Structures are given as structure tokens and as C-alpha cells.
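> So that we are looking at the same thing, I have put the structure below in C-alpha cells.
Where a number appears in this text, it was derived from the coordinates with a stated rule and is not lab data. Predicted, not measured: the structure shown is a model, and the values here were computed from it. Here the Cβ positions follow ideal geometry from the backbone for every residue, glycine too, while neighbour counts run over all protein chains shown.
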Amino acid sequence: MAAAPPTRPRRLLPLCLGLFQGALLLFFALFFTYDKPSAQAGDASLVANQLYSIFPLFQDIQVMLVVGLGLLLTFLPRYGLSALTHNFLLLNFSMQWALVIQGLLHHFHHGQVHLDLRNLLTAEFAAVTVLISVGAVLGRASPCQLLVVAACEVPIYFASEWAIVTRLGILDVGGTITIHVFSCYFGLGMSKALFGAVRQPVHPKETPTPSSDLLSLVGTLILWVFWPSFVAVLCQPGDAQHRAILNTLLAMSASTLTTVVASSLLDKDGKLSPSHLQNGSLAGGVAIGAVADMAVPPVAALALGSLSAMACVLGFRFLTPLLARKLMLQDQCGIHNLHGLPGILGAVASTVAILVASKDTSGSRFSQVSPAGGNVSEAAWGLGGDHSAGGQALCQAAGLAVAIGGSLVAGLLTGAALRLPCLAQLPERLCFDDSLYFKIQDQAKSLGLGGTDEEGALALKEQV
């Protein structure tokens, strides 16, 4: 029997998480508090109305991220347990880390932090970027590497969001540019730096099975149902929020039908691809975020949903293999097809919508609430005080360029950090396997005591 390997590497994850949680307890004790109870009935009623208006949407987003996105990642047949668990772990780690960063920034300027639901919502938006980005390396990165990604990406997201929304003043209520485009190209840059110029071969464990595809499609359905809440939660209650919900539903409905059409036409037998359906039906929700609360006609939402679905399906069919062959770019979940291409389409659509909007409907564009809680209105309308439609359209284009360029550079640097020797890279033969991280009872019984497969898996587990 092989000698037992050292125990230090396998203790790295619980050690890091334990130290992080301990430091967080101290930080919250020193800097965080709740608002004092409202003494007047009017103030208490206002607080209650704000809570009841935002909390149902917040809960919808929770279901999206914990259940929907987690299940969407289970298309890998032997990595479903790891995908769900790592998604859940990263969500909680990233959310708490985002609260720390928000607290530090707020304390530096205003003193003690008064925690409320909007702080948690902003932290969850930061966590979303991490959950999307790691899809590029799903199954090929260890939990410690994923935590390093979260630790690096969350502060970079806040810096990017500040530059794009606060300084440039773009309108992006659904996070098309600030979340989807940013996280996509951060993940692609990270993947490129992590794997270098080596083309990753097709792993025998990464081929989906009917049961894993079915579970992933259930995740898609959950995301589809709750996506309007994600887009509309930052809109001003009333007409803007109503428009955002309607536009999102129309765009996603169109993207679903278009996905079926495009996927069927691309197959010589007219059959549907599960990966196309799992992703293409959500593409409309990604693209519509930048224009959801604008006074665009319903046909515009339908057209944008159809175009984004076509881009997603064609990306899976042609662009992903091309990038893998020419650039050696690994994109395990196809985040470029679901988040990158539809995100760029949505950014372009927002530019066009601003340019063609009539003067009497331009006021509808002042409805967005920034993640920090302020109203993105006149102060954010255009760069340097330019209130013209042309100036705002230019800002939308500049915001897209900043999101892509900044996230790519940051992703490349983060990917380089993931190659440090202390963060052991998974050997190719150990990728996409739950048994590396979990006790699988049925597998343990079938291998038997002293089996070579069990010894090998245990020995290699110590390295990650």
C-alpha cells in the first residue's frame, strides 16, 4: 500500500475558511450595526413598505442562484454534487467578502455601517460575477483555487462597477454590462492564463448523460421563471419596474422559441441539442437587462431575445470550437455564449435605444437605481454633464469597452495567481469527479478495502 501523503494540503480549505469566518466575526462586531427602530409610525410604515417591495424579489434571486444556477451546472455526470456544493460555497463566501469590502469603503467615508437588505442585495450581485466566471473552469479547478478567484474578483467587480456606473453613468439596470459581460471576460481571461497555450483534451468524464442533462434543464427552467426579478429588483417601483418585468418575459419567451428553431435547423436530423436549450433560452434575459426599464416597444424586446438566442446557439455550434482550436481557450460551461455574446448585443441595443428614443419618452431612462442605493438620474446622464442622447450612447459604448478590457486584464492576472505551487492544479485524470471531494458510499463499497482505485483517489485528493 502506498505511504500516506502529508495532511497539510487537504487541510488548506477548512483552515482558510475557518480563519476567514473568524475574521469576519471580528469585523462585524467592530463596524456593522442595524438601524435604530423607527420611533414614528410613518417612518415604520415606510420601512415596512420598502421591505415588502424588495424582499420577494430578493428571495427570487436567492432561488435563482442557489437552486437554478446550481442545477444548471450539473450537466457533468460525475461532478454534479461538486458543482452544486461549490456553487453554494462560493455564493456564501463571495457574499460575505463583498459585505466586508462594502463595510470598509463605507467606514472609510462615513463611519459605522448600518446593514440593510440593499447591502445584501449588492453583495449578491458581486457574488453572481464569481459564480458566472468560474463556469469557464468548472471541474478543472480545486476549491482553494475557486476561493482565490472569489477573493480577487469581488473587489475588482466593485471597482469596475464604480467606474462604469458612477463615473461613466451608463444605464444598465439588469447588469448586462456590469455583471454578465464583466464576469464572462474575467472568466475567459482567467481560464486562458490558468491553462496557458495547452489545449485541454476532451475528458471522458465530461460528456453529459441523459440524466445529467435533464437535471441541468431543470435548473434552466428555475432560472427562466425567476429571471424577471433579477432584472427588475433595482428599478424604481412603478412603471419602470413594470416595464422591466414585461420586457424580460417577452425577451426570454422569444429566446426560447428561437433556440428551438436554431438548434433544430443546425442538426442534420432536426434534433435539439440539450446544451442549446439549457443556455439559449436564458440568453434573452442576459441581453434585455440594459434596456429593460426603457420605454422600448414590445417588438424590440422580442427581437432582442431572438437575436441573443441565435448568437448563443451559433456560438456553441461554431465559435466555441474555433476559440478552442485557434486560441486554446477553455470555456467549460460556454459562458461566452450565454453571457458574453448576448451581453454585447444588449449593450449595443441600449446604445441604439437611446439614440432613437423620442424626446417625450426620454424620462423613462432615469428610472435605474444603482447598486449602492442611489438614483442614477441626472447626475449620471452622460459623461461630464452631457445630457444629450449622443453623449449617453457614447457612454454606453465606453462602458462596454471598459467592462471587456478591464475584466480580461484582471482575469489574466487572477489566472496567473492560480498557477502558484501552493494551489495544486488538478491532474487531468482527476477532473470532473465527485469522489475527489466527497465520500461516495456506493463507490466505496464497490471498490472494496485496499483497492488500488481507492488508494489512488485518496492519495491524489491530498494534493488538492
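> Could you line up ASP172, ASP116, ASP35 from fewest to most neighbouring Cβ atoms inside 10 Å?
ASP35, ASP116, ASP172
> List the trypsin sites (Lys or Arg not before Pro) within segment 226-298 that fall in a DSSP loop (any state other than H, G, I, E or B) and whose Cβ has at most 15 other Cβ atoms within 10 Å.
Here the trypsin sites (Lys or Arg not before Pro) that fit, given the DSSP loop and packing criteria, are LYS268, LYS271.
> Between segment 100-129 and segment 217-278, what is the separation of their alpha carbon centroids in Å?
30
> Which order results if GLU153, GLU206, GLU161 are arranged by neighbouring Cβ count within 10 Å, fewest first?
By the 10 Å Cβ count, ascending: GLU206, GLU161, GLU153.
> Let me ask something else. Fewest first, what order do ASP293, ASP269 take by the number of other Cβ atoms within 10 Å?
Ordered from fewest to most neighbouring Cβ atoms within 10 Å, ASP293, ASP269 come out as ASP269, ASP293.
> Working out 0.36 nm times the residue gap between ASN92 and HIS114, then minus their Cα-Cα distance, what length gain in nm do you get to one decimal?
Full extension of this stretch gives 5.9 nm more.
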